[in-house]
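Engineer: Got a structure here, written out as structure tokens. Questions coming.
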Amino acid sequence: MKTFFAVTISLLFFLYGNSQPSDLLVLKKNNRTVQSFFPGNEISFSTSSKYYYDCFIKNINHDSLFLIQYDIRQMPTTLGVYVLDTVATYPFAINYKEITGFGKDRNKNFNWSGSGGVLLGGGTLLTLVGLGTWVFSKPNTQYYASPYLVGGSALLAGVGYLLAKSGNKQMILGKKYSLEYIAVK
């Protein structure tokens, strides 16, 4: 019986002991490492066919990424409460050369685009209301907006526009960013 276990264990070590370790992908900006990708990481990227993926890396071998995408939805329980449930998983593979850009990580950083949108909307609304009071009310009355309010709200709308345009852009591979494949031997 002891020899059976010893042969079984040595056979398992032989089969799984010399399997190839997973390779790495390194995202660089101006030849400096920004992020490394290896199995277990979450990755968000777009491809040359204009698809955007948000998935987990299962394995990286022979210039291919083996990925798993989870379809997570809110499902009702018998108590009428909604819980998150994994409806389906979609395993697929893609060559790393098809990747054209990476999305910014939405969970780590402040959402500048969302804040810029709020400033743009609020500043535009205050500017329009202030200009409307200038047109439809008499000066030095209760509803007449001060020029400082209208100017300040227009300034806030401008800052909001700039924040919305500059924040959370995708990292496109090309001049600044490059993707390097590292084979582990």
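The values are calculated or read from the model by the stated rules, or taken from the named source; none is laboratory data. As the structure is a computational prediction, the values presented were derived from the model and not from experiment. All Cβ positions, glycine included, derive from the backbone under ideal geometry; neighbour counts span all protein chains shown.
Engineer: Limited to region 74-85, what total is found for residues that are within 23 Å of the chain's Cα centre (by Cα) and either touching a residue at least 40 places away in the same chain (Cβ under 8 Å) or surrounded by 11 or more Cβ atoms within 10 Å (Cβ to Cβ) (or both)?
Structural biologist: 1
Engineer: Among the residues of region 163-177, are any within 30 Å of Leu65 (Cα to Cα), touching a strand residue (DSSP E or B) at 6+ places or on another chain (Cβ under 9 Å) and basic (Lys, Arg)? Full working, then the answer.
Structural biologist: Narrowing region 163-177 to residues within 30 Å of Leu65 (Cα to Cα): 167-177.
This time we only want the ones that are touching a strand residue (DSSP E or B) at 6+ places or on another chain (Cβ under 9 Å), so: 170-174, 176-177.
When the remaining residues are screened for being basic (Lys, Arg), the result is 176.
The answer is yes; a qualifying residue exists.
Engineer: Next question, about the same structure. Could you tell me which of the residues Asn111, Asn140 is at positive phi and either out of contact with any Phe, Trp or Tyr (no Cβ under 7 Å at 6 or more places or on another chain) or among the β-branched types (Val, Ile, Thr) (or both)?
Structural biologist: Numbers: Asn111 fails: at positive phi.
Within the list Asn111, Asn140, the selection yields Asn140.
Engineer: For Tyr90, indicate whether it is of a type in the set (Ser, Thr, Tyr) and either modelled with pLDDT under 85 or assigned to a helix (DSSP H, G or I) (or both). Step through it out loud before you land on a result.
Structural biologist: On the way: of a type in the set (Ser, Thr, Tyr): yes; either modelled with pLDDT under 85 or assigned to a helix (DSSP H, G or I) (or both): no.
No: the conditions fail for Tyr90.
Engineer: Identify the single condition in (1) in contact (Cβ under 8 Å) with a residue 40 or more places away in the chain; (2) under 20 Å from Thr127 (Cβ atoms); (3) surrounded by fewer than 12 Cβ atoms within 10 Å (Cβ to Cβ) that Pro147 does not satisfy, given that it satisfies every other one.
Structural biologist: Evaluating Pro147 over (1) in contact (Cβ under 8 Å) with a residue 40 or more places away in the chain; (2) under 20 Å from Thr127 (Cβ atoms); (3) surrounded by fewer than 12 Cβ atoms within 10 Å (Cβ to Cβ) leaves (1) as the failure.
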